[in-house]
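Below you'll find the structure, written out as structure tokens, and then a few comments.
Nothing in this text is a laboratory measurement; each read-out follows from the coordinates by a stated rule. All figures in this text were calculated on a predicted structure; none of them were measured in a lab. Reconstructed Cβ throughout: ideal geometry from the backbone, glycine too, with neighbour counts over all protein chains shown.
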Amino acid sequence: MGVELIVTWSILDSLRVAGLTTIRESEIVPQEYFNSAGDLVGGVKETEQTGTNYTLKLDWTPEIPYGYLLLHANYVYEEDEGPNARDAIFTTGRWYFQDRKLLNSRIAWSNDEETIEVALWGKNLLDEEYAENPGGFVASDLGAYRTNVQDPRTYGVDLRYNF
């Protein structure tokens, strides 16, 4: 069972903030199977709850003499609950099993006819370094671990023309 909570507040006609979070609890009973060591595992009820995860958003559209301007920013926080007790490996290090904090933004201008758009954007503006946590079924039961490091601070420019 889960609940998604979204709160949006229009502070001004041109300024809106929003928050989003999910609260849920689930129970699963995985089917029994033989793991990589040949042991029969599974069949035990597991209860999982969401951690503290939320997204905060800001959209601002100030009036300008020509065209439209939109400033969008979002902040994402994801709590990491640490390694799962079923995992066969517990990786430690600065990238693993830490809470994630990501700040992204985009500022875009388009003309009155909305045929041209120019945007500057940035992702992971706090330049945080995270890795995908190893573990799960493939790691603990099949012995195949993999991970990847998240992109560092990234900037870009978007140019668009609509016919």
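Find, among the GluC sites (Glu not before Pro) in region 14-61, those assigned to loop by DSSP (not H, G, I, E, B) with at most 15 other beta-carbon atoms within 10 angstrom.
Values: sites: GLU25, GLU27, GLU32, GLU46, GLU48; in loops: GLU32.
In loop regions of region 14-61 (DSSP not H, G, I, E or B), the sparsely surrounded GluC sites (Glu not before Pro) are GLU32.
Name the trypsin sites (Lys or Arg not before Pro) in region 1-56 that are in a loop by DSSP and that have at most 11 other C-beta atoms within 10 Å, would you?
Values: sites: ARG16, ARG24, LYS45; in loops: LYS45.
Answer by residue number: LYS45.
With unit charges on the beta carbons (Lys and Arg positive, Asp and Glu negative) and the dipole taken about the Cα centre of region 16-79, which residue among ASN74, PRO30, TRP60 sits farthest to the positive side?
Toward the positive end, the furthest listed residue is TRP60.
What distance in nm lies between label points placed 7 Å from Cα along the C-beta direction at VAL157 and LEU12?
In this crude spin-label approximation the distance works out to 2.9 nm.
So what J values fall out for region 115-127 if you push phi through Karplus, 6.51 cos²θ - 1.76 cosθ + 1.60 with θ = phi - 60°, rounded to Hz, Gly and Pro as x?
Computed from phi, the couplings for region 115-127 are 9, 10, 9, 10, 9, 10, 9, x, 10, 6, 5, 7, 6 Hz.
Around THR22, which amide H atoms from residues at least 5 apart in sequence, or from another chain, sit under 5 Å from its own amide H, with H modelled in the peptide plane?
It is LEU5, ASN53, by chain and number.
Within the set of other residues whose C-beta is less than 12 Å from the C-beta of VAL118, count the net charge using Lys and Arg as +1 and Asp and Glu as -1.
On the way: positive: ARG106, ARG160; negative: GLU117, ASP158.
Result for the local shell: 0.
Taking amide hydrogens as modeled 1.01 Å from N in the peptide plane, which residues meet the under 5 Å criterion relative to ASP99, leaving out close sequence neighbours?
Under 5 Å from the amide H of ASP99 lie the amide H atoms of ASP80, each far enough along the sequence or on another chain.
Would you work out the relative contact order for region 1-69, in percent, from Cα pairs under 8 angstrom that are 6 or more residues apart? It would help to have the intermediate numbers written out before the result.
Numbers: 112 pairs, mean separation 22.0, N = 69.
Relative contact order of region 1-69: 32 percent.
Expected output is a single nm value to one decimal: the length gained when fully extending between ASP99 and GLN150, i.e. 0.36 nm times separation in residues minus the C-alpha distance. What is it? Write out the running numbers ahead of the final one.
Working: separation 51, 0.36 × 51 = 18.36 nm, distance 1.34 nm.
Using 0.36 nm per residue and subtracting the Cα-Cα distance, I get 17.0 nm.
Quick one: which residues, 5 or more positions from ILE116 or on another chain, have an amide H under 5 Å from its amide H? H modelled 1.01 Å from N in the peptide plane, none for Pro or chain starts.
Long-range HN contacts for ILE116: ASN111, ASN162.
So, in nm, how far is label GLU46 from label ASP80 when the simple model puts each one 7 Å beyond its Cα toward the Cβ?
Rounded to a tenth, the inter-label distance reads 1.9 nm.
Show which aspartates and glutamates lie in cross-link reach of LYS101 when reach means a straight Cα distance below 17 angstrom and same-chain residues fewer than eight apart are skipped.
Candidates past the 8-residue exclusion: GLU78, GLU79, ASP80, GLU81, ASP127, GLU128, GLU129, GLU132, ASP151.
Using the Cβ atoms and a cut-off under 12 Å, what net charge is assigned to the surroundings of TRP9, where Lys and Arg are +1 and Asp and Glu are -1?
Charge balance in the 12 Å sphere: +1.
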